[in-house]
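Down below is the structure, laid out as structure tokens.
Read the figures in this text as sums done on the coordinates, not as results from a lab. Model, not experiment: these values are computed from the prediction. Cβ atoms come from the backbone with ideal geometry, glycine included; neighbour counts cover every protein chain shown.
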Amino acid sequence: MIIGIGVDVVLVTRFKQQLTKAPALRERLFTPAERELNTRSLAARFAAKEAVAKALGAPAGMNWQHCQIDIDAAGAPHIVAIGTVADVADAKGVKKWHLSLSHDGDVATAMVVAEG
């Protein structure tokens, strides 16, 4: 059963400008493992985190660092939810996440399905 879906699109150049303008944003939005990635990868991960929030119904109090986007051994992205994100997902009955990331030119896109 599908619990929720979320889609988000990020303009990479605009995202880069925001990170330059507010350097603390990188620490607020991303886990230590994610912070060292290039801007294009960070934009895609931010889109994924936004898509996760949308799939969960945009709950108040979500900590961005409680949602990490990892890459598995085969190179596929997946969601690691802990803390506030895991709590909401558990309460809604989410058992599995599906994630797709895409880049084209200046656009990074993420699609998330929360399955119960």
Rel. contact order, % - alpha carbon contacts under 8 angstrom, at least six apart, the chain = 39
Nearest-ten-degree value, helix 39-55 long axis tilted from longest Cα axis of the chain | 30
If you line up the long axis of helix 83-92 against the longest principal axis of the chain, both from Cα atoms, how many degrees apart are they, to the nearest 10?
-> 40
Lysines with Cα under 18 Å of K96, excluding same-chain neighbours fewer than 8 positions away | K49, K54
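Would you mind getting me the FRET efficiency between A22 and N63? Use the beta-carbon distance for r and R0 = 22 Å, nearest 0.05. If you can, show how the numbers build up before the last one.
On the way: r = 18 Å, r/R0 = 0.81.
E(calc), rounded to 0.05, equals 0.80.
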Rg and Dmax of segment 72-115, Cα atoms only, in Å | 12.6, 38
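Treating the beta-carbon of each Lys and Arg as +1 and of each Asp and Glu as -1, no other charges, what is the dipole magnitude of segment 2-115 about its Cα centre, to the nearest 20 debye?
On the way: 13 positive and 12 negative charges, 59 e Å.
In debye, rounded to 20, segment 2-115 gives about 280.
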Assertion target for D72, D106, D90, ordered by fewest C-beta neighbours within 10 angstrom first, is D72, D90, D106
Length gained if M1 through K92 is fully extended, taking 0.36 nm per residue and subtracting the Cα-Cα distance, is 31.6 nm
At a Förster distance of 25 Å, what's the computed FRET efficiency of V9 paired with L37, Cβ-Cβ distance as r, to 0.05?
-> 0.85
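Can you give the direction-averaged projected area of the convex hull of the alpha-carbon atoms in segment 13-64, in nm²?
Across all orientations, segment 13-64 yields a mean hull projection of 3.7 nm².
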